[in-house]
1. Take the alpha carbon atoms of segment 140-176, find their center, do the same for segment 5-64, and report the distance between the two centers in whole angstrom.
2. Put one equal scatterer on each alpha carbon of the chain, apply the Debye formula with no solvent term, and list log10 I(q)/I(0) at q = 0.07 1/Å to two decimals.
3. With the full set of protein chains in place, find how many percent of the accessible area of segment 18-144 is carbon and sulfur; take the probe as 1.4 Å.
4. Please give the net charge around Gly181, taking every other residue with its beta carbon less than 11 angstrom from that of Gly181, where Lys and Arg add +1 and Asp and Glu add -1.
5. Let me check against my output: what whole-number percent is the relative contact order of segment 137-236, with C-alpha pairs under 8 Å and at least 6 apart?
6. Between Asp342 and Arg299, how high is the FRET efficiency from 1/(1 + (r/R0)^6) when r is the Cβ-Cβ distance and R₀ = 35 Å? Nearest 0.05.
7. Treating cross-link reach as a plain straight distance, find the lysines whose alpha-carbon is under 18 Å from the alpha-carbon of Lys25, omitting any fewer than eight places away in the same chain.
8. Taking the convex hull of the Cα atoms, report for segment 182-323 its projected area averaged over all directions, in nm².
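The values are calculated or read from the model by the stated rules, or taken from the named source; none is laboratory data. Predicted model, so just to flag it, every value in this text is computed and none were measured. Every residue, glycine as well, gets a Cβ built from its backbone with ideal geometry; the counts of neighbours run over all protein chains shown. The protein model used for the area step is the full one, side chains on, heavy atoms only, and it has no ligands, DNA or RNA in it. Shrake-Rupley method; radii C 1.70, N 1.55, O 1.52, S 1.80 Å.
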Amino acid sequence: MAAEVLASGGARVTVYDSMPSAGRKFLMAGRGGLNLTHSEPLPDFLARYREAMPHLRAAVEAFPPDGLRDWSAALGQLTFVGSSGRVFPKTFKASPLLRAWLRRLDAAGVQFALRHRWTGWDELGRLEFQTPDGPIVVAASATVLALGGASWPRLGSDGAWVDRLAAKGVAVSRLRPANSGFTVAWSELFRDRFEGQPLKGVALTVGAHAVRGEAMITRGGIEGGAIYALSAELREAVLGIGQARLTIALRPDLDIAALTTRLSGTRGKQSLANFLRKAAQLSPVGIGLMQEAAIATGRPLATLAPAELAHLVNAIPVQLTGVAPIDRAISTAGGIALDELDDRFMLRKLPGVFAAGEMLDWEAPTGGYLLQASFATGAAAGRGVLRWLEKS
Ligand SMILES: Cc1cc2nc3c(=O)[nH]c(=O)nc-3n(C[C@H](O)[C@H](O)[C@H](O)COP(=O)(O)OP(=O)(O)OC[C@H]3O[C@@H](n4cnc5c(N)ncnc54)[C@H](O)[C@@H]3O)c2cc1C
């Protein structure tokens, strides 16, 4: 995006990427339908960036969700708003958009130097690259770093830039998994039976934070949209005190009185699982979760009174013991401290060097906020470079 803004401003631009082709993580995002952005009102949208919001506001306002939709449409990819408010291309794919974009960049004169891995600066301040033909140096009037975070490193972003910038005195906060899963010590029985099963329409709570949505049981823990939405709070608890307590409500729309009435009916010859399934419309995986929690307290489900069962349905405690590894996370928290950048997205300590995208220290839930901020900060850095080149 920075390259596009720069080329349209008349600059001569080369994009260097260590991978053999451009936009690999963008293509991976396309596997989930390419959630480009979100349609909620801009103040709500901006609030998703939490404490980073003041630093991102101007960039997102200058290239807002509607601007991103127009940009996509101009590349032949019309978008639509899904039932959740999320915005997707009608094709649900990233590849046609990326192809059209690369063609347009090519027509604008942007060069691509692939298999060029940036390794730092030489003593004259030139950019150093490893290439298949050996090391090269490049003198640039200005540089935009858009090297991504550290999730899914096989797609190109591996966070190796952290040490290079830190060596120049740039403050970088530790890269941590965001929108990631968590580990849970499930019993073998539960894990074998319910791995891969979704929990739908649940409400999850950690401390004062609650979300509704879906989660998925994995062999080693739990992941999915609702977990990702709480991942910042859960991660900080796990990293701080070694564990986090998640509370799951399976029937968040039913209060305890209504549930107790339903669960006070006669069971007859039904198994407890069948009774719970029918009386409170609980899924087998939900009942399995209740059983896990009940066994952990030494009181199996069969010994609980209707009111206790009703309470458990909407307050199942799950102990999270660790964060899933960053290489499987959707995005990265941490990165270049936002105070290190001026309002042009130029690094104060490295005049002429700009930074954009996920390598900056912001995080946001899934929902299109990640790509939107990456696009918007890329465009802002491009405009920043044009201003800088004008002056120098
Ligand atoms: C599975 C998955 C699904 C996702 N789905 C969505 C979604 O639907 N919606 C959404 O908003 N976000 C989604 N994201 C997140 C989104 O893809 C990223 O936030 C976004 O791609 C970040 O853009 P970026 O340009 O900052 O970094 P990246 O896209 O990571 O690009 C960084 C580039 O820098 C290159 N690079 C890194 N180091 C070097 C080096 N030393 N030398 C040369 N080149 C280097 C890399 O090869 C890479 O091409 C998803 C992510 C994943 C992993």
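1. If we compute the Cα centre of each part, the gap is 16 Å.
2. -0.39
3. Carbon-and-sulfur percentage of accessible area, whole number: 52.
4. +2
5. Once normalised by length, the contact order is 22 percent.
6. E between Asp342 and Arg299, to the nearest 0.05, is 0.05.
7. Lys93
8. 8.0
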